[in-house]
Amino acid sequence: TGPSVAVVGVTGAVGQEFLSVLSDRDFPYRSIKMLASKRSAGQRIAFQDQNYVVEELTAESFNGVDIALFSAGGSISKEFGPLAVDRGAIVVDNSSAFRMHDDVPLVIPEVNPDAMKGIKVGNGKGALIANPNCSTIICLMAATPLHRRSTVLRMVVSTYQAASGAGAAAMRELELQTHEVLAGKKPTCNIFQRQYAFNLFSHNSSVLPNGYNEEEMKLVKETRKIWNDPNVKVTATCIRVPVMRAHAESVNFQFENPLDEDTARDILKNAPGVVVIDDRASNNFPTPLEVSNKDDVAVGRIRRDVSQEGDYGLDIFVCGDQIRKGAALNAVQIAELLL
Ligand code: 2RA
């Protein structure tokens, strides 16, 4: 009796994680369709004791589908998202294609579930909901509980982003390069056209006329939309680092009203989807490895910003799994709100 679900881009890193999360959370689907490009069609996928064959994505794929989880790149979402909606499906899109459209909810379930505007399976019509960018999700899972207590006037974010954000091939290349460099060989540089192992570099997205890259402007714009606050000042520097699948982010706040570090720590300890790892005595704070394959984001280094007056400033450090909470888990949690 549950919804019929389609997974678009099922053979990619996020597509595979959609299946893991659907299974882990016992999502009550009635049926499930595995959809991908012509190149991947025909592949077999074992899922929950059933054998599936990957079908080539076409408009007709969405006939009778209630929920379609998309993670196949912006061009596939642009072409097939509206076709799925026309056929009555509710699309949860992990690409950036529709995030900034005024009529498209941009949702982190723990942060702004009301943005879903009552969209439900069985409403008799399709809809499109956008999954925020991974670095936005991970940042705002920690920043929003603080913002709700004391309005954030300005947020400065520095990200340390994992290979997984650039796809499974980038993860494989990081591993390959590491072996090659350690063996004294010339590293294979197909994905980023530069050595990634034992290196870091400015995020690989395009650099815009204002000097920011697309990833940084996503954080700026998506934060304003999710917080419904066009005035919050956000700036970001996004860096790709040689880590497999979890992002790390340093976040600095300027609050409208004082928010001391102990209060901030208590707020974060009680925040949904957040764990606090903040042990100064043993210098134990969040790391990408420890949050990998986990649902929660981890926050630490919670401290008063000594460059600001009183308790108007705060610094924190956040880590979160890019493929899970940064993409697949968030999308499935949105799907759960549709039931
Ligand atoms: C990245 N946020 O990490 C992008 C992928 N969604 O490159």
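The values are calculated or read from the model by the stated rules, or taken from the named source; none is laboratory data. Since the model is a prediction, treat every value here as computed from it, not as a measurement. Virtual Cβ from ideal backbone geometry, glycine too; neighbours counted across all protein chains shown. In case anyone asks, the SASA skips ligands and DNA or RNA and just uses the protein heavy atoms, side chains included. Shrake-Rupley method; radii C 1.70, N 1.55, O 1.52, S 1.80 Å.
What the table below lists for this structure:
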item: In the range 182-205, residue farthest from the chain's Cα centre (by Cα) [restricted to those that are among the aliphatic types (A, V, I, L, M) and more than 13 Å from the ligand (Cβ to nearest atom)]; result: 183
item: Any hit, the range 32-46, residues being among the hydrophobic types (A, V, I, L, M, F, W, C) and without any contact (Cβ under 8 Å) to a residue 12 or more places away in the chain; result: yes
item: Candidate set: the range 12-51, residues that are closer than 23 Å to residue 321 by Cα and small (Gly, Ala, Ser); chosen: the one least open to solvent (accessible area, probe 1.4 Å); result: 15
item: Total residues in the range 67-100, condition away from the ligand (no atom under 15 Å from the Cβ), closer than 24 Å to residue 339 by Cβ and either open to solvent by 40 Å² or more (accessible area, probe 1.4 Å) or touching an Asp or Glu at 6+ places or on another chain (Cβ under 8 Å) (or both); result: 8
item: Scope the range 222-237; condition under 19 Å from residue 142 (Cβ atoms) and either more than 12 Å from the ligand (Cβ to nearest atom) or modelled with pLDDT under 95 (or both); matching residues; result: 223, 224, 225, 226, 227, 228, 229, 232, 233, 234, 235, 237
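Every residue, every condition in (1) part of a loop (DSSP other than H, G, I, E, B); (2) hydroxyl-bearing (Ser, Thr, Tyr); (3) more than 16 Å from the ligand (Cβ to nearest atom); (4) within 30 Å of residue 204 (Cα to Cα), yes or no:
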site	(1), (2), (3), (4)
239	no, no, no, yes
253	no, no, yes, yes
275	no, no, yes, yes
289	no, no, yes, yes
310	yes, no, yes, no
